[in-house]
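**Student:** Can you keep this structure in mind? I'll have questions shortly.
The values are calculated or read from the model by the stated rules, or taken from the named source; none is laboratory data. Note that the structure is a prediction, hence the values are computed from the model and not measured. All Cβ positions, glycine included, derive from the backbone under ideal geometry; neighbour counts span all protein chains shown. The protein model used for the area step is the full one, side chains on, heavy atoms only, and it has no ligands, DNA or RNA in it. Shrake-Rupley method; radii C 1.70, N 1.55, O 1.52, S 1.80 Å.
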Amino acid sequence: MADGATLRFGNKDTAFAVRSGTTGPDVIDIRKLYAQTGAFTFDPGFTSTASCESGLTFIDGDEGVLLHRGYPIEQLAEDSSFMEVSYLLLNGELPGKAELDRFSHTISRHTMLHEQLANFYRGFRRDAHPMAIMCGVVGALSAFYHDSTDISDPRQRMIASHRLIAKMPTIAAMAYKYSIGQPFIYPRNDLSYTHNFLRMTFGVPAEDYHVDPVVVRALDRIFILHADHEQNASTSTVRLAGSSGANPFACIAAGIACLWGPAHGGANEAALNMLREIGTPDRIPHYIARAKDKNDPFRLMGFGHRVYKNYDPRASVMQKTVREVLTALGVSDPVFDVALQLEEMALNDPYFIEKKLFPNVDFYSGIILSAMGFPTTMFTALFALARTVGWVAQWNEMISDPDQKIGRPRQLYTGPTRRDYVAVEAR
Ligand code: ACO
């Protein structure tokens, strides 16, 4: 580690402390920069800025590493469960058997929604995007659960976190049921988190619901892969909203709004739509040429990542899971062949090699979710469901941090300088 950093600005040298984490790049602590030099840093998109200290998730984008509380994502995806990963993210350690049972029990006891919230759904158009409904309904939770909005009380914070993790599947499934005009299905506490969600989504009151365990496991794994991802756009949004002291339900609604965008959570929907539009392998070169054309705004959706510049470790797990699900369901989807060939062609193309563009987690997830029966509009809602765990864990970490301050970036002002108002008649 370097002892410190010195900045020469004008003709004055200013020294700054350098801090080291347990792993990863050091940071130059510039909190006193403005006070000492009168200058700000300029970093739109935060490409070189650490916005907080965190002990949850570590990413080494050059090596393709993703760790949750130190555990590699590949191991968690292979051997753990979404409930266990949720406990890990929230509490810092893997649970013992009794702790995991208690945690799963607590989460299942919070899965029901206040009955009045069902009326909320009826106010939406049937063709509303599920993410529009999720933003509205999750934000509205703060109007229903007043007993867990005191953010200074750690117990209330934990109850709100459990409520959010537990109710998100119910909220997402109800958004889907509403869109297709089927009755809402109440949760069942004897089922696992993911099995219960599948039943609430695809079950009907008229008959029992059966699902292949391979499908349950695959969806659980998708949830694990999306559970947290360091200080990404939606997580930073949750932290920024929370930094003002806003209640957790409002903060998570803000995260959902951010996640909706096609450059973030909306990418799996966009990736599958793109693969369907390509349709057959012979059309791939045309789309690759478009992605490389500077004058064409088209991008290969599901490709590229702000942090991963080697490969996205979640994409490899996802590719394996596609095969398992398609085999279990006996589905042969031509879009999978298009995806495999597109990946191979892009990975051998100098443009993608040079810019270090690889498939990200969203490239394959859409194919799996579609095979399971989810419409594309639900994809981002599923992402929001899983990411809620990361959001609440990060939010809790922030509130517990004694150094936490309201987030308030500065700017490089390029507008007009002071000028006098002129009455409309004189303009
Ligand atoms: N297709 C074609 N070219 C691309 C792509 C792509 N998918 N992604 C980046 N590039 C090119 C850019 O045109 C740019 O080229 P230039 O240097 O000649 O101008 C260069 O690669 C760097 O791209 P940036 O946009 O500057 O990289 P950034 O780190 O800001 O963006 C992002 C990352 C937003 C993910 C981008 O790669 C993208 O738009 N990908 C498609 C959307 C997507 O899949 N998003 C999911 C992200 S993962 C997640 O949210 C779970």
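**Student:** Could you list all residues from segment 381-416 that are within 16 Å of the ligand (Cβ to nearest atom) and more than 27 Å from I151 (Cβ to Cβ)?
**Tutor:** Passing the criteria: only L382.
**Student:** Same structure, new question: Quick test for you: out of R126, R69, R109, pick the one residue that is open to solvent by 50 Å² or more (accessible area, probe 1.4 Å), within 21 Å of L385 (Cα to Cα), within 19 Å of the chain's Cα centre (by Cα) and not hydroxyl-bearing (S, T, Y).
**Tutor:** Sole residue among the options that is open to solvent by 50 Å² or more (accessible area, probe 1.4 Å), within 21 Å of L385 (Cα to Cα), within 19 Å of the chain's Cα centre (by Cα) and not hydroxyl-bearing (S, T, Y): R69.
**Student:** Need the failing condition index for D293 against (1) more than 24 Å from the chain's Cα centre (by Cα); (2) farther than 18 Å from A267 by Cα; (3) within 15 Å of the ligand (Cβ to nearest atom); (4) surrounded by 14 or more Cβ atoms within 10 Å (Cβ to Cβ), just the number.
**Tutor:** (4)
**Student:** Which pairs turn up if I take residues in segment 279-297 that are on the phi < 0 side of the Ramachandran plot and look for partners that are basic (K, R) and assigned to a helix (DSSP H, G or I) with beta carbon separation below 8 Å, at least 6 apart in sequence or on another chain?
**Tutor:** Listed pairs, sorted by first residue: D296/R290.
**Student:** Would you mind finding the one in S365, S370 that is open to solvent by 20 Å² or more (accessible area, probe 1.4 Å) and either touching a residue at least 40 places away in the same chain (Cβ under 8 Å) or within 15 Å of the ligand (Cβ to nearest atom) (or both)?
**Tutor:** S370
**Student:** Take the residues in segment 325-362 that are under 24 Å from the mean Cα position of the chain (by Cα) and in a helix (DSSP H, G or I), then tell me which one is farthest from the ligand (Cβ to nearest atom).
**Tutor:** My answer is V325.
**Student:** Now a separate question. Given the conditions (1) at pLDDT below 95; (2) open to solvent by 20 Å² or more (accessible area, probe 1.4 Å), report the number of the one that S148 does not fulfil.
**Tutor:** (2) is the only condition that S148 fails.
**Student:** Additional query: Could you pull out the residue among P44, P25 that is open to solvent by 80 Å² or more (accessible area, probe 1.4 Å), within 16 Å of the ligand (Cβ to nearest atom), closer than 22 Å to G407 by Cβ and not assigned by the TED database to the domain that holds T235?
**Tutor:** P44
**Student:** Of the numbered conditions (1) free of Cβ contacts under 8 Å to residues at least 60 places away in the same chain; (2) open to solvent by less than 50 Å² (accessible area, probe 1.4 Å); (3) within 10 Å of the ligand (Cβ to nearest atom), R314 fails exactly one; give the number of that condition.
**Tutor:** It fails just one condition, (1).
**Student:** Only residues that are in a helix (DSSP H, G or I), in contact with a Phe, Trp or Tyr (Cβ under 8 Å, 6 or more places away or on another chain) and within 16 Å of the ligand (Cβ to nearest atom): list them for segment 231-267, please.
**Tutor:** S234, T235, S236, V238, G255, L259
**Student:** Could you identify the single residue in D228, D208, D190, D220 that is crowded, with 21+ Cβ neighbours inside 10 Å, at pLDDT 95 or above and in a loop (DSSP other than H, G, I, E, B)?
**Tutor:** Details: D208 fails: crowded, with 21+ Cβ neighbours inside 10 Å; D190 fails: crowded, with 21+ Cβ neighbours inside 10 Å; D220 fails: in a loop (DSSP other than H, G, I, E, B).
On inspection, the qualifying residue turns out to be D228.
**Student:** Only one residue in L100, L88, L94, L117 is over 30 Å from G304 (Cα atoms) and touching a Leu at 6+ places or on another chain (Cβ under 6 Å). Which one?
**Tutor:** Of L100, L88, L94, L117, the one residue that is over 30 Å from G304 (Cα atoms) and touching a Leu at 6+ places or on another chain (Cβ under 6 Å) is L94.
**Student:** To continue, here is another question. Restricting the first residue to segment 334-345 and requiring it to be in contact (Cβ under 8 Å) with a residue 12 or more places away in the chain, which pairs with a second residue that is assigned to a helix (DSSP H, G or I) and among the small types (G, A, S) meet a Cβ separation below 8 Å and a spacing of at least six or different chains?
**Tutor:** Filtered contacts from segment 334-345: V335/S370.
**Student:** Hey, can you tell me all the residues within segment 105-120 that are among the aromatic types (F, W, Y) and modelled with pLDDT of 95 or more?
**Tutor:** none
**Student:** Taking segment 295-323 as the region of interest, how many residues are assigned to a helix (DSSP H, G or I), closer than 27 Å to N232 by Cβ and not hydrophobic (A, V, I, L, M, F, W, C)? Full working, then the answer.
**Tutor:** So in segment 295-323, the residues assigned to a helix (DSSP H, G or I) come out as 313-323.
Okay, now just the ones that are also closer than 27 Å to N232 by Cβ, so 313-322.
Restricting the remaining residues to those that are not hydrophobic (A, V, I, L, M, F, W, C) gives 313-314, 316, 319-321.
Qualifying residue count for the region: 6.
**Student:** From A270, A241, A233, which residue is over 11 Å from the mean Cα position of the chain (by Cα), open to solvent by 10 Å² or more (accessible area, probe 1.4 Å) and within 30 Å of D403 (Cβ to Cβ)?
**Tutor:** It is A241.
**Student:** Moving on. Output the number of residues of segment 376-427 satisfying the condition of being charged (D, E, K, R) and in a helix (DSSP H, G or I).
**Tutor:** Number of matching residues: 3.
**Student:** Kindly provide the set of residues from segment 322-360 that are buried (at least 18 other Cβ atoms within 10 Å of the Cβ) and small (G, A, S), ordered by number.
**Tutor:** Of everything in segment 322-360, those that are buried (at least 18 other Cβ atoms within 10 Å of the Cβ) and small (G, A, S) turn out to be A339, A346.
**Student:** Then there is this: Of the conditions (1) without any contact (Cβ under 8 Å) to a residue 24 or more places away in the chain; (2) of a type in the set (G, A, S); (3) touching a strand residue (DSSP E or B) at 6+ places or on another chain (Cβ under 9 Å), A241 satisfies every one except a single condition; which number is it?
**Tutor:** Status for A241: all satisfied but (3).
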